[in-house]
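Working notes for the structure below.
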2 protein chains.
Amino acid sequence: MQPTPSPDSADQPSDLFAYAVLLRTLNRELNRSTLDFAHENGLHATDIHALSVIMDSSAGGDAPVTPTRLREELGLTSGAVTACLDRLERSGHVSRVRDSADRRVVHVVYNSEARALAREYFSPLARATETARAKFTPAELTTVAAFLHALNTELAAERQG
Amino acid sequence: MQPTPSPDSADQPSDLFAYAVLLRTLNRELNRSTLDFAHENGLHATDIHALSVIMDSSAGGDAPVTPTRLREELGLTSGAVTACLDRLERSGHVSRVRDSADRRVVHVVYNSEARALAREYFSPLARATETARAKFTPAELTTVAAFLHALNTELAAERQG
DNA sequence: ATAAGATTGTTCAATTATTGAGATACATTC
DNA sequence: GAATGTATCTCAATAATTGAACAATCTTAT
């Protein structure tokens with residue numbers, strides 16, 4: 001492996017810079033993987049990003065996805081979210097369900113027919129992750145997971161402050 | 001793909017699943033950070049993603065960015081790339097320079113005036129990364145960097161195969 | 001209760017981005 | 001030097017997004 005420059009000197013700025021490049025490269029790789037999948041399935045970038053939010057949200061036991069949540073998460077206007085959900089609903093991936101408690105609210109639910117598509121979307125990322133993981137010890141992988149979690153927490157905090 | 005852990009069998013699948021969620025969450029956080037910055041500067045998502053490619057490419061000593069490279073990297077058609085570069089050029093972020101060797105080719109270069117903007121774009125990510133990094137030892141950080149590098153390599157390989 | 005105000009999501013016309021099929025200029029190959 | 005391939009651009013058609021107005025529902029204060 002020849003990953004990072006200057007491994008011995010504790011050069012803080014350049015290490016930080018190297019990290020930024022690594023993270024942005026990762027970001028682009030993931031976006032591209034997402035986009036390739038989108039194109040293969042006749043979907044658009046926005047639709048897949050919305051699906052990603054809906055997927056991980058239902059997996060993580062988070063609060064149910066609503067148009068407002070999607071608006072914040074995707075950085076779209078309310079009209080664009082409505083259009084996006086119209087497309088996803090028309091293509092059979094999601095359904096809109098009125099909340100019984102607050103009848104203004106719409107829950108976006110993932111149709112069971114679309115789970116095969118989700119698995120397919122997962123698979124390239126899963127394959128690459130698996131291969132990368134195989135090169136590290138369990139202890140190292142725990143460290144990496146802890147770092148990713150910490151970074152996600154910091155990034156989430158950053159946007160609120 | 002159920003997150004249900006089975007203590008007897010290997011934790012491998014559920015660990016992999018946890019990693020996928022961590023990575024996609026990171027992907028969304030980075031995209032949101034990017035988008036927020038875009039909105040604050042009157043730019044669109046596509047333009048910023050293009051700038052990200054141009055930034056890291058000039059930083060990494062890679063081959064110079066061309067419209068074709070952007071087309072592949074952003075998953076756009078050639079017409080859309082032309083429009084995107086028109087916008088970036090009009091707003092003063094980049095310039096088009098004809099290659100002297102192959103005069104069909106256009107090099108997209110980052111204007112020096114735009115570097116301040118780039119730093120500003122970096123800063124939220126840098127701040128969050130720095131805070132996260134502070135929680136780990138140098139040895140751990142080296143491991144994390146190695147993993148990120150390995151993952152990027154695998155993801156890049158995935159899209160070619 | 002009821003009215004005023006805030007919140008959630010939709011509609012719709014105007015704007016903007018993207019596509020997709022050419023066209024152009026240059027390079028390479030035979 | 002003609003033919004083929006490559007890199008980029010042009011432009012009309014299509015599709016997505018904005019932004020403001022709207023309807024429906026919840027909340028709060030009186």
Next on the checklist: Go through region A:64-86 and report how many residues are near DNA strand D (Cβ under 10 Å from one of its atoms), closer than 24 Å to A:Gln160 by Cβ and open to solvent by 60 Å² or more (accessible area, probe 1.4 Å).
Outcome noted: 3
Checklist entry - Out of (1) facing chain B (nearest Cβ under 8 Å); (2) more than 12 Å from the chain's Cα centre (by Cα), the odd one out for A:Val81 is which? => result (1)
Checklist outcome for this item: Checked B:Glu113, B:Glu120, B:Glu154, B:Glu130 against criteria (touching a residue at least 12 places away in the same chain (Cβ under 8 Å) and under 20 Å from the mean Cα position of the chain (by Cα)); the one match is B:Glu120
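Based on what the data block shows, is A:Leu88 within 13 Å of chain B (Cβ to nearest Cβ) and at pLDDT 90 or above? Show your work before the answer.
Values: within 13 Å of chain B (Cβ to nearest Cβ): no; at pLDDT 90 or above: yes.
So A:Leu88 fails the test.
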Item to check | Total residues in region A:87-124, condition under 23 Å from B:Asn31 (Cα atoms) and either within 11 Å of DNA strand D (Cβ to nearest atom) or out of contact with any Ser or Thr (no Cβ under 6 Å at 6 or more places or on another chain) (or both) | outcome: 12
Checklist entry - Which residues, counting only those in region A:98-149, are within 16 Å of DNA strand C (Cβ to nearest atom), β-branched (Val, Ile, Thr) and assigned to a loop (DSSP other than H, G, I, E, B)? => result A:Val105
Checklist outcome for this item: The residue from A:Thr68, A:Thr142, A:Thr131 that alone is under 30 Å from B:Thr137 (Cβ atoms), more than 7 Å from every other protein chain (Cβ to nearest Cβ) and either out of contact with any helix residue (DSSP H, G or I) (no Cβ under 6 Å at 6 or more places or on another chain) or not charged (D, E, K, R) (or both) is A:Thr142
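The values are calculated or read from the model by the stated rules, or taken from the named source; none is laboratory data. Everything quoted here is computed from the prediction, not taken from an experiment. Glycine gets a Cβ as well: all are built from the backbone with ideal geometry, and neighbour counts include every protein chain shown. Note: accessible area is taken over every heavy atom of the protein model, side chains too, but ligands, DNA and RNA are not part of it. Shrake-Rupley method; radii C 1.70, N 1.55, O 1.52, S 1.80 Å.
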